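Student: This is the structure, below, for whatever I ask next.
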Amino acid sequence: MDNTSGVGVLDKAAIVLSALEAGPSTLAQLVTATGLARPTAHRLAVALEHHRLVTRDLQGRFVLGPRLGELAAAAGEDRLLAAAGPVLGALRDHTNESAQLFRRQGEYRVCVSAAERPVGLRDSIPVGATLSMRAGSAAQVLLAWEEPDRLHRGLQGAAFTATALSGVRRRGWAQSVGEREPGVASVSAPVRSPSGRVIAAVSISGPIERLSRQPGRLHAATVIAGANKLTEVLARHAAQQEAQNNA
C-alpha cells in the first residue's frame, strides 16, 4: 500500500513525526531514521517545532511536542464532556459546592463543563471562562505533571511554588485559598488519558467561609473520586476502540 499522499512536504513531515515516535533524536539520528537529506530534515523539524508538534529535550534532541497531546486530548473531548456532566453534578450534590472541569489551552485554562449550586452564595465559573495558569488549584494540577522545562516556565510569576507542586504530585490533589480570587477556596484533582497523561482537572470551588482554609481536608477524597471516574471512562472507551480495531 502506498503511504504517500501526493503532498510531498506533508509526507516528509509525517516521516519525521513517525521517526520521533521511537524516542528523542539528534539531527544526525533523524537523518538516518528518515532517509531525508540533512537540510530537509532540519528544516522540517524546526518548522514542526514552531507549531509545537516537535520540541527539544534538555540535551537539545528533537522529541514529539506537546501540541500532539493536546490534539489527541481534544479528539477524546466529546467522550470526556459527555461523562463530565453527571460526574460534576454528583460532585456538586455531594459537596454542596460548584464543580468544574478545566482543560489547559496554551498559557490558560478553560472551564469546559460546570455544575453550579442552584441557590445561595456561589463561585460562578461559566463554561468557556478562561482563567490564568498562574493561580488556583486547577492550574496547580494542570501544571504539576508537566515536563520539567514546561513546568519551570509555568512557575514564572505563579502564586504557587515548585515545592507546592511537588506536594500536589505526592498527594494527587491540590487546594487553593484566596489564590485566584480573594475569599474563594478550591480543591482539584487530575483526569488522566489512557496513556497516563494529565489532560484535565476536576474542581470544586466556593467561599472560604464554607470550604475553610483547609478545603482539601473536607473534600479532597470526593474530588479525587470524581476525577478518577472520568479517567476510568476514558480508559474504558480506549479499550473498546482497541478491541474494535483488532476485531
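The values are calculated or read from the model by the stated rules, or taken from the named source; none is laboratory data. On a predicted model such as this, the values are computed, not experimentally measured, just so you know. So basically every Cβ, Gly included, is an ideal-geometry build from the backbone, and we count neighbours across all protein chains shown. When the accessible area is computed, the model is the full protein with side chains, heavy atoms only, and any ligands, DNA or RNA have been set aside. Shrake-Rupley method; radii C 1.70, N 1.55, O 1.52, S 1.80 Å.
Student: Would the stretch 54-70 turn up any residue that is under 30 Å from T222 (Cα atoms) and of a type in the set (A, V, I, L, M, F, W, C)?
Tutor: no
Per-residue answers, yes or no, for (1) over 30 Å from E242 (Cβ atoms); (2) in a helix (DSSP H, G or I); (3) open to solvent by less than 40 Å² (accessible area, probe 1.4 Å):
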position: I15; (1), (2), (3): no, yes, no
position: L30; (1), (2), (3): no, yes, yes
position: A41; (1), (2), (3): yes, yes, yes
position: R67; (1), (2), (3): no, yes, no
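Student: When you scan the stretch 43-58, how many residues do you find that are open to solvent by 70 Å² or more (accessible area, probe 1.4 Å) and in contact with a Leu (Cβ under 9 Å, 6 or more places away or on another chain)?
Tutor: 1
Student: Of all residues being without any contact (Cβ under 8 Å) to a residue 40 or more places away in the chain and charged (D, E, K, R) in the stretch 169-180, which is least open to solvent (accessible area, probe 1.4 Å)? Just the residue, please.
Tutor: R169
Student: Taking the options L121, L131, L101, L91, name whichever one is closer than 25 Å to R210 by Cα, modelled with pLDDT under 90 and either surrounded by 22 or more Cβ atoms within 10 Å (Cβ to Cβ) or in contact with a strand residue (DSSP E or B) (Cβ under 9 Å, 6 or more places away or on another chain) (or both).
Tutor: When all the criteria are applied, what remains is L121.
Student: Now, a different point. From the list S212, S137, S203, S132, exactly one residue is in contact (Cβ under 8 Å) with a residue 24 or more places away in the chain and touching a helix residue (DSSP H, G or I) at 6+ places or on another chain (Cβ under 6 Å). Which is it?
Tutor: Among S212, S137, S203, S132, only S203 is in contact (Cβ under 8 Å) with a residue 24 or more places away in the chain and touching a helix residue (DSSP H, G or I) at 6+ places or on another chain (Cβ under 6 Å).
Rundown of residues vs (1) open to solvent by less than 10 Å² (accessible area, probe 1.4 Å); (2) modelled with pLDDT under 90; (3) hydroxyl-bearing (S, T, Y); (4) over 14 Å from L143 (Cα atoms), yes/no style:
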| position | (1), (2), (3), (4) |
| --- | --- |
| P194 | no, yes, no, yes |
| A200 | yes, no, no, no |
| I208 | no, no, no, yes |
| L211 | yes, no, no, yes |
